[in-house]
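K.L.:
Structure below; questions to follow.
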Amino acid sequence: MAEAGAGFSNRYPSFYGPEGRLILVDSALEAVNRGSTTIGIKTASFALLASHIKPARPLMEPTEKVFPVDGHVGATGSGYIGDILQLIDELRLEAQKHRLSFESPIDIGSLTKHLGGYLHNYTIYAVRPQAASVIIAGVDQTGVHMYQVDPSGTYFRGAGFAIGQSADSALDAIQRDYSADMTVEQAVQLANKAIEKALGERSIVEIGLATAKEGKFKKLQ
Amino acid sequence: MAEAGAGFSNRYPSFYGPEGRLILVDSALEAVNRGSTTIGIKTASFALLASHIKPARPLMEPTEKVFPVDGHVGATGSGYIGDILQLIDELRLEAQKHRLSFESPIDIGSLTKHLGGYLHNYTIYAVRPQAASVIIAGVDQTGVHMYQVDPSGTYFRGAGFAIGQSADSALDAIQRDYSADMTVEQAVQLANKAIEKALGERSIVEIGLATAKEGKFKKLQ
Amino acid sequence: MAEAGAGFSNRYPSFYGPEGRLILVDSALEAVNRGSTTIGIKTASFALLASHIKPARPLMEPTEKVFPVDGHVGATGSGYIGDILQLIDELRLEAQKHRLSFESPIDIGSLTKHLGGYLHNYTIYAVRPQAASVIIAGVDQTGVHMYQVDPSGTYFRGAGFAIGQSADSALDAIQRDYSADMTVEQAVQLANKAIEKALGERSIVEIGLATAKEGKFKKLQ
Amino acid sequence: MAEAGAGFSNRYPSFYGPEGRLILVDSALEAVNRGSTTIGIKTASFALLASHIKPARPLMEPTEKVFPVDGHVGATGSGYIGDILQLIDELRLEAQKHRLSFESPIDIGSLTKHLGGYLHNYTIYAVRPQAASVIIAGVDQTGVHMYQVDPSGTYFRGAGFAIGQSADSALDAIQRDYSADMTVEQAVQLANKAIEKALGERSIVEIGLATAKEGKFKKLQ
Amino acid sequence: MAEAGAGFSNRYPSFYGPEGRLILVDSALEAVNRGSTTIGIKTASFALLASHIKPARPLMEPTEKVFPVDGHVGATGSGYIGDILQLIDELRLEAQKHRLSFESPIDIGSLTKHLGGYLHNYTIYAVRPQAASVIIAGVDQTGVHMYQVDPSGTYFRGAGFAIGQSADSALDAIQRDYSADMTVEQAVQLANKAIEKALGERSIVEIGLATAKEGKFKKLQ
Amino acid sequence: MAEAGAGFSNRYPSFYGPEGRLILVDSALEAVNRGSTTIGIKTASFALLASHIKPARPLMEPTEKVFPVDGHVGATGSGYIGDILQLIDELRLEAQKHRLSFESPIDIGSLTKHLGGYLHNYTIYAVRPQAASVIIAGVDQTGVHMYQVDPSGTYFRGAGFAIGQSADSALDAIQRDYSADMTVEQAVQLANKAIEKALGERSIVEIGLATAKEGKFKKLQ
Amino acid sequence: MAEAGAGFSNRYPSFYGPEGRLILVDSALEAVNRGSTTIGIKTASFALLASHIKPARPLMEPTEKVFPVDGHVGATGSGYIGDILQLIDELRLEAQKHRLSFESPIDIGSLTKHLGGYLHNYTIYAVRPQAASVIIAGVDQTGVHMYQVDPSGTYFRGAGFAIGQSADSALDAIQRDYSADMTVEQAVQLANKAIEKALGERSIVEIGLATAKEGKFKKLQ
């Protein structure tokens, strides 16, 4: 009967592995965990996105990792570049749709929820779940907000995130030195330090910033 | 011929395992059983939803686990967050549709039945059955109601539910101390106690409440 | 060549097992045979549906097992609750369609035939055959009628049915004591006795009744 | 290379088995061969359909096995009841369509050809070929006709058919005693005798009859 | 690496076998080679189709094997009867379409080409290639023509064809005795002789004939 | 982990084999390499297509291998006849479309490019890549052109091509004796010689010719 | 349990391999790495595309490897020719669409992004990811730009690229001798030298050039 059981379990397009794990989403997360170390730091005044830029070969420009989505919101991601680019496109499209329908900027929470549902959809059918985690940062009528969205479509809000390679080390560093009243300059330093700690060496970092004061998201440097 | 039999049984997208079990739904339930311990307690005067909030890392807000669906009804769930979020969306959409069509709030039983059919559909085709159990609580013209809906689309009504990790321990605790004339405060205490018992330690709990008196569902704290 | 044969037989989505058996329908029937013991008893004057209510945990209401379909007809089922609920929905929808089209109640035979075709369809394509047997009882212009419909879409008419766990024992009990001129009270007693015999203990039973005199189906108690 | 060959042959949804056999149709035929013994006897004056009625359990009516299709034609079948019922439905629908389009009864050959094409279609795609052989008998402008249609969609005309369990024995009996000028009564006796011979015991038999004189098909008894 | 190769070759719905053979078409041809021995003989004056009629059981009429397609053209086939019947239907439909569109009989080459494309289509997608070879014979404005079409959709023109069981022996016999100025009677004799030689015994043969003189196709006897 | 790797690689409809090879296209090419030896020779004045005609059995006409496509262009192919015939149809259709849209003959390069895209499409989805290489020859406003198109959709232009069985030998022979100012007669001789060399014996060859002078493609003999 | 795990992981169309790698995209890249060595060199004044032309057999023209896309932009690729040709078509179509919609030439970045999304789409569904890397070079209002796009849909900008066989050696050579103020002649020499170094021998190279001065892309020689 054990064998019959094994026979049975072989026959179905299976989305679940042992203990009910989502096996393809787990694979997507493995890919995310090999991606560029990427960080988000948020206070009441600003949200900062920082992503490690893997040193490109000479004569090649490194791929952009921090993306403006709309005037008031930006995003970054870790995982497969192709997947990240598609998700950024989806975010931009949704933000534009909202502007056209409501003649106002989309609030950061709705934008995040949209991406979560979009990613979740890929976990239900026989297609490939996207291998990218995304951090969204922006400012809307209720203030500065930052969210992380994972390949399963799960999202959560926070003041400090780290995704990609050695994300745990980076997150430790952020948590140790984070202060709710830190300045942008201090946050930039902290982001660099956290990524350096995660990778074990000084690294090039791309940075984007949303401030409550300006109500805008822009890339630094 | 035994071998021929084995050969035969290998060839078909199989929804059933030994003894006619629904193998993917069983996997979904395994995932639910690893989810946050979540509780519902109902009397004639109120229905209370309580879900364990897994301690998030510092600087991250824990994911919301208790959701308003419409003014008079809310829901909570245990399982994969992405799946729960989609089911909450479906509940909200159905409640809005009802308001638009009939200009009245949807009754809790119809809302539950809709979610049951929605989940059941995922068990018939070659897609992924959703890995989430949901507890719905609300108040309509016939009083206070509370339902549990499982990944198979099965639903049932009750005065005390527990889903997620160590749900059995939590349910034992509720059954032992439940009283039909308990106050909201007593119910909150009981919910905390039951979750504490299930997890073996004091935990953060998110709570939602529907009361007959107000005819509304709202989150506490 | 024997090996070539084995090779060949491995490649096709197979609906048939050895001896031409419908393997998924057999699995569905296995699930039905683990369902609640459910009974139908019919005379010229009435038809009675009775389903064992598995004792729910304290504070949970047991799932409804006997369902009104239209004013003159009801149904019960055994198997997966989610599947039963969908089939009841389909029956109600068909009964309503008939009322709208013909301004008269649907006759019990047509309603049954519709469910048979609906279930049969699930046995042809690569979807999951429904794991539920249903007993339909009602009264129309030609009198009182009772039918059983199985997962394969097969249906038959009769005066005594039993489905679900230990259905054979229950059916034996019914056949031994059935009388064509028994009263409703005697039929209720017989239903309880048959279910008790099947399960080996006194059990809670939900009952529905269609009578020629009233021309209606209603649930008892 | 032999192994490479085996590897190759494993990869394709295969409709064919060794020697070009249709493996699913063969499975369907196995199911037909386990069905009720069913017989057709035709002379210039009448065509008679007779199907063994498996003794139902007490209180259950046996399933109908001989079906009027239109006023001038009827059918019977052997195999899975659910499949037979669907095929009878298809025959009735086709006969009604013809009446509506041409305001005349469909001729028996066209009706048969339609069913053959309908069954054949199930052998081409990745669906389940129907497990039922059908005998069609009727009377049209060119006289009395009787056809047998098999799961592969093959049909042939004749004066004596037997399908289902021990069909060969039944057919032997018919061939031995058939006479082109036999009366209906003699044919009924022969049908009963043939089924008795096939099953080794006296059996209940359902009978339908089409006569040239009346130009009608009706069930006997 | 050999193993990696084997692993790779297991994963794809494969239409090709070793040496690029079309594996399902080969299976279809195996079925054709077990079909009734069927022959075509053509001169400038006529084309004759002859198909062995397998002796049916007493009281059953043998299945028709030679089919008029339109007034000026007919066809026969070998393989699965259900498949042959569908192909004949397709031929008749195409011939009727041509008459409706162009108000003239279809030329034999175009009709053949249509069937070739129709059969070829079944070899591209994941459906079942038809298991039938067909011989088409007819007369059009350019004279008498005869074609053979195989399951792969390949067709060729000729004066002598044989398909089905022991087709090679039958073809040898035809080639030995064929004469370009033979009469219809001689051709009938040759057809009978060739089938007899193939099967090793005198057999019943169904014959169809298209003549240049009449410009018609008709069945003999 | 090696085993896990093997496990992983088993699960996906795989279009690629080791080293990124297109496994089904490779199979299609194997079939092409077993096809009739087929040759193209082009100078500034003419393009000549020549295909070996496998000796048909007596009384059968060999299949046409060189096809006019439009007045100014023709094609030949090697591989499965059914596939070649479909590709020729596609070429003719495209040429006709061009005439209808632009009222001018299609240029040879565009026609070739269309066939390349058509064939390429079969390599992307789960259908059967066509097993035929095609040589297209014609004359348009820019002169005489000749192209070869392979099952992968790759095409290239040239003055000497050989496809099918022993194509390499045939191509060697052409390359050795080709001269840019050879006459049609010399090219015919060379084609025959090359095919003879490839097959090791004198063979029947079908020939088509496009000349700059006439601006037409026609078959010889 | 390890085995159960293996059993589970066998059942799903898997897009991911160990460590979350995209297995089919990896296969596509393997094919790209066997393609023609292809190079891009860009300065502020020009962008040069150079692709090794594999020596064709005598009498065959080598396949074009550098393609004009629109007046101001061109592209080259390495991998399967059929795939490259389709991607070039897609680029041309997108450039034409932009001209029609906006009456201006498409900017090089948008064109690249379109191709990236197009390629990415093939990595999500059960189709074949395209086996081609493409280098796009052109000049628009913001200057001269050059991009590389890979089968995963990832793209990046740069001044020196190499793809195909021994791309690493070629890229080394470019990086060593690249100068931001080199002339076109120097870049052509460098391209030839890099390809020679990669292949170990002097090779034929096809070259395309976009210059800021002319604002055009054209092929050299």
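K.L.:
Using just the helices of chain F, give the 222 nm mean residue ellipticity in deg cm²/dmol: DSSP H runs with n ≥ 4 each add -39,500 (n - 2.57), and the total is spread over all residues, rounded to 500.
P.N.:
Result for chain F: -11500 deg cm²/dmol, rounded to the nearest 500.
K.L.:
Starting from segment E:161-221, pick out the trypsin sites (Lys or Arg not before Pro) whose DSSP state is loop and whose Cβ has at most 10 other Cβ atoms within 10 Å.
P.N.:
Listed in order of number, the matching sites are E:202, E:213.
K.L.:
Ignore the peptide's own chain and count Cβ atoms of other chains within 10 Å of each Cβ in C:130-137; give me the average, rounded.
P.N.:
1
K.L.:
Same structure again: Within 10 Å of each Cβ in C:172-178, how many Cβ atoms from other chains are there, averaged over the peptide?
P.N.:
Partner Cβ neighbours, averaged per residue: 2.
K.L.:
Quick check: Cα centre of segment D:165-188 to Cα centre of segment D:103-135, how many Å?
P.N.:
The two parts, judged by their Cα centres, are 26 Å apart.
K.L.:
Might you tell me the accessible area per residue for segment B:145-221, computed with a 1.4 Å probe and given in Å²?
P.N.:
46
K.L.:
With viscosity set to 0.890 mPa s and temperature to 25 °C, compute the Stokes-Einstein D of segment B:119-221, Rh being the Kirkwood radius across alpha carbon pairs; µm²/s, no decimals.
P.N.:
Calculated translational D: 161 µm²/s.
K.L.:
Using +1 on the beta carbon of Lys and Arg, -1 on that of Asp and Glu, and nothing else charged, what's the dipole of segment G:1-148 about the Cα centre, debye to 20?
P.N.:
The dipole of segment G:1-148 has a size of about 200 debye.
K.L.:
Let me ask something else. Restricting to DSSP loop positions (anything but H, G, I, E, B) with no more than 14 other Cβ atoms inside 10 Å of their own Cβ, which GluC sites (Glu not before Pro) remain in segment C:123-221?
P.N.:
C:201, C:214
K.L.:
List the lysines whose Cα lies under 17 Å from the Cα of residue C:42, skipping any in the same chain that are fewer than 8 positions away.
P.N.:
Reachable lysines: C:193, C:213, C:216, C:218, C:219.
K.L.:
Still on this structure, I have one more. Could you tell me the relative contact order of chain F? Use alpha-carbon pairs under 8 Å, at least six residues apart, and round to a whole percent.
P.N.:
Relative contact order, chain F: 30 percent.
K.L.:
Another question, if that's okay. Taking the alpha-carbon distance from residue D:197 and a cut-off under 19 Å, which aspartates and glutamates remain once sequence neighbours fewer than 8 residues away in the same chain are dropped?
P.N.:
Within reach: D:168, D:172, D:177, D:185, D:206.
K.L.:
Cα atoms only: what Rg and Dmax, in Å, come out for segment G:43-145?
P.N.:
Answer for segment G:43-145, Rg first and Dmax second: 14.8, 46 Å.
K.L.:
What's the magnitude of the charge dipole for segment D:117-221 around its Cα centre, counting Lys and Arg as +1 and Asp and Glu as -1 at the beta-carbon? Answer in Debye, nearest 20.
P.N.:
220
K.L.:
Right, another one. With charges only on Cβ, +1 for K and R and -1 for D and E, what is the dipole size of segment A:44-120 about its Cα centre, in debye, rounded to 20?
P.N.:
That gives a dipole near 180 debye.
K.L.:
Can you find, among F:73, F:108, F:32, the residue sitting farthest towards the positive end of the charge dipole of segment F:1-147, where Lys and Arg contribute +1 and Asp and Glu -1 at Cβ?
P.N.:
Farthest towards the positive end: F:32.
K.L.:
Here's something else I'd like to know. Within 10 Å, count the other beta carbons around each residue, average over each peptide in C:21-30, D:136-145, D:99-108, and list them highest first.
P.N.:
C:21-30, D:136-145, D:99-108
K.L.:
Here's a follow-up. Going 7 Å from the Cα of residue E:185 along its beta-carbon direction, which residues of segment E:37-72 have the amide nitrogen within less than 20 Å of the resulting point?
P.N.:
Correct set: E:41-50.
The values are calculated or read from the model by the stated rules, or taken from the named source; none is laboratory data. Here the structure is a predicted model, which is why all the values come from computation and not from measurement. Every residue, glycine as well, gets a Cβ built from its backbone with ideal geometry; the counts of neighbours run over all protein chains shown. Just the protein is used for accessible areas: all its heavy atoms, side chains included, with ligands, DNA and RNA removed. Shrake-Rupley method; radii C 1.70, N 1.55, O 1.52, S 1.80 Å.
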